[in-house]
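The values are calculated or read from the model by the stated rules, or taken from the named source; none is laboratory data. Because the structure is a prediction, the values reported are computed rather than measured. Because the Cβ atoms are built from the backbone with ideal geometry, glycine has one as well, and the counts that use them run over all protein chains shown. Areas reflect the complete protein model, heavy atoms only, side chains present, ligands, DNA and RNA absent. Shrake-Rupley method; radii C 1.70, N 1.55, O 1.52, S 1.80 Å.
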Amino acid sequence: MTQNGIPSNEAVARLWLRDPLAVHLGAGADPDIAARGIVIDRTSGTIVELIPAGGEPRGGAESVSEIVDASEHVITPGLINTHHHFYQTLTRAWAPVADLPLFGWLQNLYPVWARLTPRALELATTVAMAELLESGCTTAADHHYLFPTGMDEAIDIEVEVVRALGMRAMLTRGSMSLGEKDGGLPPQQTVQNAEVILTDSRRLVETHHERGPGAQIQIAFAPCSPFSVTTELMRQSAVLADELDVRLHTHLAETIDEEDFCRERFGMRTVDYLESVGWLGDRAWLAHGVHFDDEEIRRLGAAGASVAHCPTSNMRLASGIARAVELEDAGVSVGLGVDGSASNDASNLIREVRQALYIQRLRYGAEAVTCDRVLDWATKGSAAALGRDDIGTIDVGKQADLAMFRLDGLEFSGAHDPIPALVLCGAERADRVMVGGQWRVRDGRAIGADGAELDKEALIAAHQEEARRLVAG
């Protein structure tokens, strides 16, 4: 059964996305490899065949159960968001912090965020993930570090939303343990003690973490930042992550203020601090990484660490321009992140691709920062940052996580080449999105795992009400 040429959510064995305008296979790949499209096994949720120019599926067209005309679509791997704070959709565009850098921005928002409730988090997470889905994102990493009274099961709430929407997620058990009275930045009502943090971290891995190809939910540990957690908690988190074989995440080298804090409190720069607490390795991916020097970039690459580049947030807070090209050239896996929706004010990953292109060209020039390269950051680079090799590329055997973009709007009129048009003309949303062989966006609107279209109007109304309550106190 089809709807407007796109299959409904009923299970079919094999689906052929036929004759796309273009397929992003990665920088340097031969575009003819998939010129006639992609065959997907919807039962296993994997890609089973790429059809080259002039070809047909093995066994002919009759060997597939359904054919979808993709002649008006550019197909990319599902985009992967490596850094977000879902709860921050509740505090977008708030005037008291609209024109502040990071530390002042945080100090004004911490008391507001301390009023977070389970219902507010559920709505905020739903809004963030639906917005991401509609921008072509199929996997998202969330850094949740706020656990005020009544919020002990915050990550469990996020798990339920991820399952309801049918996305994939790396949910990080964040933490803050260094409050104002001990020389940290966050107020005391937002911090927890180390024993509570580590016990809950272990519980979450044992309860929710999935392993192997096709995993939907994964858990990582994410002490928030050098200025909000103790050195001992950083060390203990690394030890526990090694024991349980999960990844590590934190903010690092985002601002000069953070660099100054590390020098004053620890007597060392950020990467030295990272090494001192046992984090300098391939288990860690780091949010922002704006202010690394040449030697630190070399050390991060040698260690196999990864960086989540968040261009819009870095511009919004005037934090600086990450040295993404040099990091990648040194061996660091570079992914893209939208960051929190209070420092980006959007959860749109295809828009972030364009921002990355332009801000990195300011530093490195047009020839070094190509449209294909930034799309790779949003797909296979992001997958590598999250420690996954089953997503992020369009290859036989990989998960069928795909985004399909139309180029027929007014903003694309006159564009000549599909992949550059997708990036340069400013695509805003995907027309179709597939996760594990199942449609999760159809006609630009998010569809839940139950096959029903999300009631965005009701969601927005409830979310707006919670946002007003949170700010009003």
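Quick notes on this one:
- For the chain, the longest principal axis of the alpha carbon atoms and the long axis of helix 456-472 meet at an angle near 10°.
- The residues of region 162-270 expose on average 37 square angstrom of accessible surface per residue, using a 1.4 Å probe on protein heavy atoms.
- Shape call, region 205-354: gyration tensor on alpha carbons, a/c limit 1.5: rounded
- Heavy-atom accessible area order for Arg323, Arg173, largest first, 1.4 Å probe: Arg323, Arg173
- If the segment from Arg203 to Arg263 were pulled out straight at 0.36 nm per residue, it would be longer than the present Cα-Cα gap by 18.2 nm.
- Compared with the dominant principal axis of the Cα atoms in the chain, helix 118-134 is inclined by about 40°.
- Dipole magnitude of region 246-365 about its Cα centre (Cβ charges: Lys, Arg +1; Asp, Glu -1), debye to nearest 20: 380 debye
- With all protein chains modelled, accessible area of Thr199 [1.4 Å, Å²]: 90 Å²
- Multiplying the residue separation of Val196 and Arg58 by 0.36 nm and subtracting their alpha-carbon distance yields 44.1 nm.
- Potential lengthening between Ala27 and Glu275 on full extension [0.36 nm per residue; Cα-Cα distance subtracted]: 86.0 nm
- Degrees separating the helix 154-165 axis from the principal Cα axis of the chain, which is the longest one: 10 degrees
- List Val196, Val441, ordered by accessible area with a 1.4 Å probe, largest first: Val196, Val441
- Rounded to 0.05, the FRET efficiency of the Asp182 and Asp69 pair, given R0 = 45 Å and the Cβ-Cβ distance, is 0.15.
- Rolling a 1.4 Å probe over the protein chains gives Met315 an accessible area of about 90 Å².
- Cβ-derived FRET efficiency at R0 45 Å, Ala458 paired with Arg298, nearest 0.05: 0.30
- Given the alternatives (1) 26.2; (2) 22.4; (3) 27.1, Kirkwood radius over Cα pairs in Å as computed for this entry is given by (2).
- Estimated FRET transfer efficiency (Ala368, Glu465; beta-carbon r; R0 60 Å; 0.05): 0.80
- Inter-label distance, Asp329 to Gln107: 3.9 nm, where each label sits 7 Å from its Cα along the C-beta direction.
- Cα gyration tensor, region 335-392 - rounded (a/c under 1.5), prolate or oblate: oblate
- Summing charges over all other residues whose Cβ lies under 12 Å from the Cβ of Arg298, with Lys and Arg as +1 and Asp and Glu as -1, gives -4.
- The chain - percent of accessible surface contributed by carbon and sulfur, probe 1.4 Å: 49 percent
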